[in-house]
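The values are calculated or read from the model by the stated rules, or taken from the named source; none is laboratory data. These numbers come from a predicted model, not from an experiment. Reconstructed Cβ throughout: ideal geometry from the backbone, glycine too, with neighbour counts over all protein chains shown. Areas reflect the complete protein model, heavy atoms only, side chains present, ligands, DNA and RNA absent. Shrake-Rupley method; radii C 1.70, N 1.55, O 1.52, S 1.80 Å.
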Amino acid sequence: MSTLTISSAAKGSDVVTITTGDGKTHEYLNFWLRDNCTCPRCFSEATYQRLVDTYKIAEDVHPDQVATTANSLKIVWNDGHVSTFSSEWLQLHTKEYTAPSPKKEELYPERVLWTRATIANNKPTVPYEAVISGDHKQLLDNIHSYGFSFIHGVPVTAEATEEMCNKFLPIRHTHYGGFWDFTSDLSMKDTAYSDIEIPSHTDGTYWEYTPYLQLFHLLFHDGTGGETTVVDSFKCARDFKEEFPEEYKLLSEVEVECHSLGDVHLVQRKPVLIHDKNGELVQVSWNNSDRSTNYHLDNDTLKKLYSALRKWNTVINRPENVFWQQLVPGEILIFDNWRVFHARMGTTTGKRRMCGAYFDRDDFLSSLRRFNATSEEDLYKRST
Ligand SMILES: [Fe+2]
Ligand SMILES: [Zn+2]
């Protein structure tokens, strides 16, 4: 990209036209220039926020005078306001001179789809000391790449775990509370609080905004059973799409209703396989226990849905896809609840105390980008 230098400028009723050193002309909408004035009354360099009240600017605002130097454009507007744009700023906002905006997604480490075999000898793990001291890069990268991470060497108390959570990201508050701490207890009206086996699932299929990260710390267990499993549902979805394309399409389109009832009444309808507007899989929403009757669907759709769900259930339970481990005090499991299924195997005996928290996706991605960007300037360029 060559550097933009300004030779001259001409005012117009709709646009300001500048001629650059290479003889090319570029038009900038009057209102856009005024709305994006870089003066300290209109834009805060400290917070990168617009200060001007856009809707107090006359719709037909236009320059009374324009003046240029090689590296600035000065405009005296018909309402008396004066704007000065640097050539660097104009360069950043003139397509012929600007490399395409760097993408936010370039800051994310590559996603690695895994099987039990690939993860068993290479468990994503970070030390507690890094997390508590504020060095979260490896943890964030692990979660983005593999969908989960262990944190080892954690003090075995709820207080220390909560302190570490607060150091990491804002805890998501729900009707279950914020940071939670429970022993096996059936009074909570949810199988998560019981001692029975729980098949692979994601939490919060009944929320519009499903919690993104979930963190578990087993503080105490004096019995047997209750191994935790994790499954890479995105890897399963890739296999499922190859083997059963029709069923993949169906599970991407048919909205399945899920609910939570008891002290609350939370209900959502969404497909099992959720894609963004570019067709990328972004979330798998799967909890057979919380799926309601789905009486709203006609019999033909129900029949196809059951057939697709049965195949999906087979794929996600293939032993090659299931990594399992007995959680132990001092070792935290944190995972992407939009991607990685969790489950509890077998019947658990004895007293079991767990604590943990949910975190939201916005906060995770924000932190991931901040740790992987070179500067605030770098981030600013990625949010045009
Ligand atoms: Fe769960
Ligand atoms: Zn201004």
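Packing, as the average of other Cβ atoms within 10 Å across residues, places the peptides 369-375, 253-259, 228-234 in the order 228-234, 253-259, 369-375, highest first. Here the chain has 50 percent of its accessible surface on carbon and sulfur atoms, given a 1.4 Å probe and all protein chains in place. Phi angles across the range 233-248 convert, under the Karplus curve 6.51 cos²θ - 1.76 cosθ + 1.60 with θ = phi - 60°, into 3J(HN,Hα) values of 5, 6, 5, 4, 5, 5, 5, 4, 5, 5, 7, 9, x, 5, 5, 4 Hz, Gly and Pro given as x. Averaged over its residues, the chain has an accessible area of 51 Å² per residue, based on protein heavy atoms and a 1.4 Å probe. Amide H contacts under 5 Å for R352: S184, restricted to partners 5 or more places along the chain or on a different chain, H placed in the peptide plane at 1.01 Å from N.
Calculate log10 I(q)/I(0) of the range 6-99 for q = 0.20 Å⁻¹, where I(q) comes from the Debye formula with a single equal point scatterer on each Cα and nothing for solvent. Values returned for q = 0.20 Å⁻¹ are -0.98.
Output the peptides 83-93, 300-310 sorted from most to least packed, where packing is the average of other Cβ atoms within 10 Å over each peptide's residues.
Going by the mean number of other Cβ atoms within 10 Å, highest first, we get 83-93, 300-310.
Under 22 Å Cα to Cα from K24, which lysines show up? Leave out anything in the same chain fewer than 8 places away. Straight-distance partners of K24: K11, K74, K95. Could you list, in their original order, any pairs among K235/K351; K103/K137; K270/K304 whose Cα atoms are separated by more than 23 Å? From the list (K235/K351; K103/K137; K270/K304), the Cα-Cα distance tops 23 Å for K235/K351. A straight line joining the Cα centroids of the range 132-179 and the range 234-271 runs 28 Å.
Amide hydrogen proximity for V322: with H placed 1.01 Å from N in the peptide plane, the residues at 5 or more positions away or on another chain lying under 5 Å are R116.
Put simply, the amide H of T174, placed in the peptide plane, has no neighbours under 5 Å, leaving out anything fewer than 5 places away on its chain. If both residues of a DSSP beta bridge must be in the range 107-372, then about 95% of such bridges are antiparallel.
Rounded to whole numbers, the Karplus 3J(HN,Hα) couplings from phi for the range 259-272 are 9, 9, 10, x, 6, 10, 9, 9, 9, 9, 10, 8, x, 5 Hz, using 6.51 cos²θ - 1.76 cosθ + 1.60 with θ = phi - 60°, and x at Gly and Pro.
Normalised by the number of residues in the range 107-372, the mean separation of alpha-carbon contacts (under 8 Å, six or more apart) gives a relative contact order of 37 percent. Note that the range 318-335 has calculated 3J(HN,Hα) couplings of 4, x, 4, 8, 10, 9, 10, 6, 7, 5, 10, x, x, 10, 8, 10, 10, 9 Hz, one per residue in order, obtained from phi through the Karplus relation 6.51 cos²θ - 1.76 cosθ + 1.60 (θ = phi - 60°); glycine and proline are x. For the chain, a simple Cβ point-charge model (Lys and Arg +1, Asp and Glu -1, everything else neutral) yields a dipole of about 420 debye relative to the Cα centre. Ratio of Rg to Rh for the chain: 1.10 [Cα atoms; Kirkwood radius as inverse mean 1/r over pairs]. Taking every alpha-carbon pair in the range 61-191 and binning the separations at 5 Å intervals from zero gives 2, 7, 10, 10, 10, 10, 8, 6, 6, 8, 8, 6, 5, 3, 1, 0 percent.
Projecting the Cα positions of T349, N313, N294 onto the charge dipole of the chain (unit charges on Cβ atoms of Lys, Arg, Asp and Glu, taken about the Cα centre) puts N313 furthest along the positive direction.
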